[in-house]
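The structure under discussion appears below in the form of structure tokens.
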Amino acid sequence: NKKAFVELLFWKNPSAVREMTEGYVSLREGEGAARSRAPPWTPQQEQELRELYWKYKEVEGEDVVAAILTHLSGRTRRQVVKQLVRL
């Protein structure tokens, strides 16, 4: 990068320095934010999530999301909660 010297004039955080030394994530395909992004919910998964939510929402003293997570594989608690809010 011929203009890297200009970037050295400003304070950087560790992730910015890593991008400068290893190459910019947005310029490479299949790396960085796009790779770490969760896979999108399919209509079948959304339907299953709805059914599980309606099944466990009335259970007293039990965490609804924890009960749903026992039936869903490959999803984190945060992903499930975010999708429930979106639905």
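Suppose we filter Thr76, Thr21 for residues that are at pLDDT 85 or above and exposed (fewer than 12 other Cβ atoms within 10 Å of the Cβ); which single one remains?
Values: Thr21 fails: at pLDDT 85 or above.
Every option except Thr76 fails the conditions.
Return yes when Glu46 is at pLDDT 80 or above and surrounded by 10 or more Cβ atoms within 10 Å (Cβ to Cβ) and no when it is not. Even if it seems obvious, please write down each step before you answer.
Working: at pLDDT 80 or above: yes; surrounded by 10 or more Cβ atoms within 10 Å (Cβ to Cβ): yes.
In short, yes.
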The one condition Val81 fails out of (1) open to solvent by less than 90 Å² (accessible area, probe 1.4 Å); (2) more than 18 Å from the chain's Cα centre (by Cα) is (2)
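Please report, ordered by residue number, the helices (runs of 4 or more DSSP H) entirely within the range 35-87 with at least 3 residues that are in contact with a Lys or Arg (Cβ under 8 Å, 6 or more places away or on another chain).
Details: elements: 43-56, 64-71, 77-86.
In the range 35-87, the matching helices (runs of 4 or more DSSP H) lie at 64-71.
The values are calculated or read from the model by the stated rules, or taken from the named source; none is laboratory data. All figures in this text were calculated on a predicted structure; none of them were measured in a lab. Heads up, the Cβs are rebuilt from the backbone with ideal geometry, glycines too, and the neighbour counts pull from every protein chain shown. For accessibility, only protein heavy atoms count, side chains too; no ligands or nucleic acids. Shrake-Rupley method; radii C 1.70, N 1.55, O 1.52, S 1.80 Å.
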